[in-house]
Structure formats: C-alpha cells, structure tokens
1. Using +1 on the beta carbon of Lys and Arg, -1 on that of Asp and Glu, and nothing else charged, what's the dipole of the chain about the Cα centre, debye to 20?
2. Cα centroid distance between region 131-197 and region 1-72, in Å?
3. Relative to the Cα centre, what is the charge dipole magnitude of region 1-125, using +1 at the beta carbon of each Lys and Arg, -1 at the beta carbon of each Asp and Glu, and rounding to the nearest 20 debye?
4. Work out how far the C-alpha atoms of the chain reach from end to end along every principal axis, then list the three figures in whole Å, largest first.
5. Quick one: what do you get for region 116-249 if you divide its Cα Rg by 2.2 N^0.38 Å?
6. Given springs between every Cα pair under 10 Å in a Gaussian network model of the chain, which of N230, N20, N38 has the largest fluctuation?
7. At 20 °C and 1.002 mPa s, what whole-number value in µm²/s does Stokes-Einstein give for the translational diffusion of region 1-125, with Rh from the Kirkwood sum over Cα pairs?
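Just so it is clear, none of the values below were taken in a lab; they were calculated from the coordinates. Note that this is a predicted model, so its numbers are computed, not measured. Ideal geometry is used to build each Cβ from the backbone, glycine not excepted, and the neighbour counts take in all protein chains shown.
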Amino acid sequence: MVFSSIGPWALGAIMSTLGNTSIWYKLSVYFYLHFQYNAWFLLALLGILFYLFQKLNLDFGVREFKRFFLLLNAGVILSFFLSTYWTNPPIVFYLLGGLGVILLLIAFFQFFAFILRNKKLLKSRLSSFDYRILKISGILLVGKILMQSLSAIPFFADLAINNLDFVIGYLHWVFLGFVSLALFAFLNWLKLIRVPKKACYLYLSGFLISEALIFYKDLVLWLGLPFFSNYFLLMVLASALIPIAVGWILGVNLLKR
C-alpha cells in the first residue's frame, strides 16, 4: 500500500514539469492502481484466507507456501509492465510483463490446487453461506487473473487503452466483486459483523447486472453498434442495489449493537 503511493506522490512533480499530457502522468496513475488492486488488496485478502486455513488446521506446507509467496510477489511486481504496453516500450518491457503473468499463473495454479484438494474439508467446516460467497469470490478471482493475463497480449492491451470502459469494468470486477464479496465472507465468518444473506445476494445482483451493462457498453462501442435507449436508466437502477444492500447490512449491525 505504501509502495503504491509513490504514484500519487510523483504526480505533483510530473504536473509541474511535464504536464498531464505526458505519458508519465498516466503511468503514475497506473502504477498506483496496479499496486493497489493487484498487490495490496489481493495480498491482504490472501493473508486473511491463510489465517482461516490456519484456524481450520489446513497445512499449506512451509516449502509450498514459500514458493507460492515468492512467485506471487515476483509476478505482481513484474506484471506492472503490462501497464506500459500502450506506450510502445522497448521489447524488454513486453518480456518482463509476460514473465510476470507466467509467474502469477504458476502461483495461482498451486494455490487453487491446494484449495481443490481440501474442498470437502472447507465445505464441512464453513457455514454454507460463507462457503458459497467465498466460492463466488474465488470464481471472480479466476476471472481477474484471466483478464490480467489477456492484457499481456498487445492486441488486448491496446483494446483496453482505447476503450477505457474495459478498464472500468475490470476495476469494478476486482473491487466491487472479488474484494468486497471476500470481505463480506471474512467479516461474517470472524463474527465482526453480521451479513444477512438477502442483503448480500441483493449486493451480488447489483454487481452482476451493473458489470454486465458495463461490458455490454464496451462491446457495443468497440463494434460500433447502437445500444438500447434505457441503458443509463437501467444502469442507475442496477447500481442503486449496491448502496441499498450495504445500507441494509449497516442498519442490521447498528440495530444489533
């Protein structure tokens, strides 16, 4: 998290010297976003998950964990170079970004293999609700990894840069989907707050519908097709489900206390 703040700190110097049209302006923003979404958020949630494993007496293994930890962190750092593809950098940047994706894929293959080996135990030791939400969050994590991996291909990297709605869709996928749902499950499991099932499913509905609409708009703009007239109204209504659900959860816990 601290490392990611180098991006915003650099913006002051860049604005006063090179201006906001410089490639360094966007690179600073992407640096911040990358090490927030792909490092801080991800590593924090994995830390809580490994705490859960420890409580459930699931042994990842010291050697396996060390390998996973090194692969994951190396992959996170090197995959930042994916965010530089739009500048048409030297070939070494493409190689470093591609290597970062490969390391991440190896790390998460090891991670999901461990979860699948212990699937029955996790299902028996967690409540059905917590297990279901963590499962959905895991599926969204797989989607995140696949989208990030595709950006290693220059065609998809250019597509994302030229259609910023794809980037917005990806950021919402990670934060409103993978991160938030995992937090709901962890907070409920640790009994820090109570997450009503219906409120969580309302939140999930708002997320899925709004996400589908975002990517629908991306595809329509990319292919140059017209989209239906009530699109923005539907987006407002779908997005409204998210704060309603969060307010529901907040209200239940405030009344409880």
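1. Using Cβ point charges on Lys, Arg, Asp and Glu, the chain gives about 1320 debye.
2. Distance between centres, Cα-based: 15 Å.
3. The calculated dipole for region 1-125 is roughly 640 debye.
4. Result for the chain: principal-axis Cα extents of 54, 53, 35 Å.
5. After normalising by residue count via 2.2 N^0.38 Å, the value is 1.19.
6. Maximum among the listed residues: N230.
7. 131 µm²/s
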